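Coordinate-derived values only; no laboratory data. Just so it is clear, the model here is predicted, and its values are computed rather than measured. Methodologically, a virtual Cβ is constructed for each residue, glycine included, from the backbone with ideal geometry; neighbour enumeration extends over all protein chains shown.
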């Protein structure tokens, strides 16, 4: 069982298969989900919506293929999480630098180049759950990003109010179920990223058999009362899971990742008096004087704020303009 960490997922699947322990599925199935290149190929071969993509280990080989992609493109490590090593490239001249960044963050030195999918509204990145191969719980949220951050592809705020259409939500739920069935998956939590795009299609970008980072399962527990963490533990030890059912959100919930775009010594966390009443939980992982790094990946966050609002307008005002309400101050 893993949360927020990819490397151990395939190892756990291998050990479980060899020792006959409970597992989400076969080592082969998990390996497909955990490698972005293999996942894209599997999706394409089985008729899912998928961007044009190709994986490489040799930078020179990739540089020969620039004409097969529609620019701009995304360059990513195939085996890394937390948006580490991800770059948007709009000119082939900048490709070598992006490849070097991706390989630096890849255990296998493998990277993928894929067409950039321009989203409509907000992408969704949250957790879902299957029991005995049946998708029992699915939810959608909205991810928000800091375009001024060193890594503008790591979410900095979430709210549990999706911008996606009901039709695309239904389609994505059906496609996730089809994916689970094709791979022969059983009982597990999954971290799933999806988006609607300007081409009118909805895409499954990620579906990894682990809990997401950034306390997503805890946020789901706040918003719905469904405890996916407990369910994941039960699945890992082969116990029956009875309390995972589809439920709507109760209230307007948001999460703010605490971070700095500069490195230095932490001084204090400022929270606007306007939203003090909305703070349900403040989880700060540093103290005054501690050194913090600039926000290059999800792992560089220094804490979280969990907020609850009376209405969606208040929530959206904060999540869309979070820097007006929350500030990490350095000495």
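Using the rule -39500 (n - 2.57) for each DSSP H run of four or more residues, divided by the residues of the chain, the 222 nm mean residue ellipticity is -8000 deg cm²/dmol. Students often get this wrong, so try it: which of [x] 60, 48, 39; [y] 53, 53, 40; [z] 75, 41, 35 is Cα extents along the principal axes in Å as calculated from the structure shown? Entry [y]. Given a Förster distance of 41 Å, report the FRET efficiency between residue 136 and residue 60 from their Cβ-Cβ distance, rounded to the nearest 0.05. Efficiency, from the Cβ-Cβ distance: 0.30.
By the count of other C-beta atoms within 10 Å, a proxy for reagent exposure, 42, 107 are ordered fewest to most as 107, 42.
Extending 7 Å from Cα along the Cβ direction at residue 233 and again at residue 52 yields two label points whose distance is 4.9 nm. Our note on the geometry: Cα centres of segment 235-300 and segment 9-50, 29 Å apart.
Multiplying the residue separation of residue 21 and residue 276 by 0.36 nm and subtracting their alpha-carbon distance yields 87.1 nm.
Each peptide among 31-37, 221-227, 185-191 gets the average number of other Cβ atoms lying within 10 Å of its residues, and from highest to lowest they stand as 185-191, 31-37, 221-227. Just the C-alpha atoms of segment 7-115: what Rg/Rh do they give, with Rh taken as the Kirkwood radius? Rg divided by Rh gives 1.03.
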